[in-house]
1. Does B:Thr82 meet the test of being open to solvent by 50 Å² or more (accessible area, probe 1.4 Å), more than 10 Å from every other protein chain (Cβ to nearest Cβ) and among the β-branched types (Val, Ile, Thr)?
2. Please specify each residue of the stretch B:85-112 satisfying the condition of being within 11 Å of chain A (Cβ to nearest Cβ) and assigned to a loop (DSSP other than H, G, I, E, B).
3. If you go through the stretch B:23-32 one residue at a time, do you hit one that is at pLDDT 95 or above and open to solvent by 10 Å² or more (accessible area, probe 1.4 Å)?
4. Output the residue which, of all residues in the stretch A:1-56 that are hydroxyl-bearing (Ser, Thr, Tyr) and open to solvent by 60 Å² or more (accessible area, probe 1.4 Å), is farthest from B:Gln2 (Cα to Cα).
5. Is one or more of the residues making up the stretch B:7-15 of a type in the set (A, V, I, L, M, F, W, C), within 14 Å of chain A (Cβ to nearest Cβ), surrounded by fewer than 18 Cβ atoms within 10 Å (Cβ to Cβ) and touching a residue at least 24 places away in the same chain (Cβ under 8 Å)?
6. Identify, please: which residue in the stretch B:16-34 is within 14 Å of chain A (Cβ to nearest Cβ) and touching a residue at least 60 places away in the same chain (Cβ under 8 Å) and is, among those, nearest to B:Ser109 (Cα to Cα)?
7. Is it true that B:Arg60 is of a type in the set (D, E, K, R) and either at pLDDT below 95 or under 28 Å from A:Trp34 (Cα atoms) (or both)?
Amino acid sequence: KAGVTQTPRYLIKTRGQQVTLSCSPISGHRSVSWYQQTPGQGLQFLFEYFSETQRNKGNFPGRFSGRQFSNSRSEMNVSTLELGDSALYLCASSPQLAGSYNEQFFGPGTRLTVL
Amino acid sequence: GQQVMQIPQYQHVQEGEDFTTYCNSSTTLSNIQWYKQRPGGHPVFLIQLVKSGEVKKQKRLTFQFGEAKKNSSLHITATQTTDVGTYFCAGNYGGSQGNLIFGKGTKLSVKP
């Protein structure tokens, strides 16, 4: 099976702009989670989508949003970009089999730089 | 809020030495997962611990989950240069299974 794919891999934006990142999970995986990774804060949970519904949300401002489509592909959007949004954004998918905890399969990430 | 503390932040070892990283949560975890991230790469799942006092081994790696399900450790015996990377623990507090709280990671460097 193909792994989790994320596009684009690299992105440079300026403050105030908005950005949309895309994630295609492993075939058959219904859960998609998004994380922000920075040297200072480490890996921080943004949100999780399951069957097109946001199931969990981390402690990020409303400028961060996401959605999931019927084919499980997910997008996240960041509006009004700030310098502090520069980070590696990781998407992870999981099969979410009933009755068990499932490992997360991470994509390669999108490196966002805000100038 | 829920937080997973991980120490040490960095560990430099000579090849062949042992290495241990520790994770601690102030509240009980449903389960804990461990991931490894190589430089320039993305986190890769290593193992999941669910039961109180559970111990699992993968070759030179030994994972433990505390009796109170609040702490965990990863021990590597006789490190090799291929062990280089950052090791993360990630706690799940129940409810949704897609919400992991990651520790800040321990960056391991191995001197040949």
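1. Answer is yes for this residue.
2. Scanning the stretch B:85-112 gives B:Tyr93, B:Gly94, B:Gly95, B:Ser96, B:Gln97, B:Gly98, B:Asn99, B:Leu100, B:Gly103, B:Lys104, B:Gly105.
3. yes
4. A:Thr14
5. Yes.
6. Only one residue fits best here, namely B:Thr21.
7. Answer is no for this residue.
The values are calculated or read from the model by the stated rules, or taken from the named source; none is laboratory data. None of the values given here were measured: they were computed from a predicted structure. Here the Cβ is made from the backbone with ideal geometry for all residues, glycine too, and neighbour counts use every protein chain on show. Quick note on the areas: whole protein, heavy atoms, side chains included, nothing else; ligands and nucleic acids left out. Shrake-Rupley method; radii C 1.70, N 1.55, O 1.52, S 1.80 Å.
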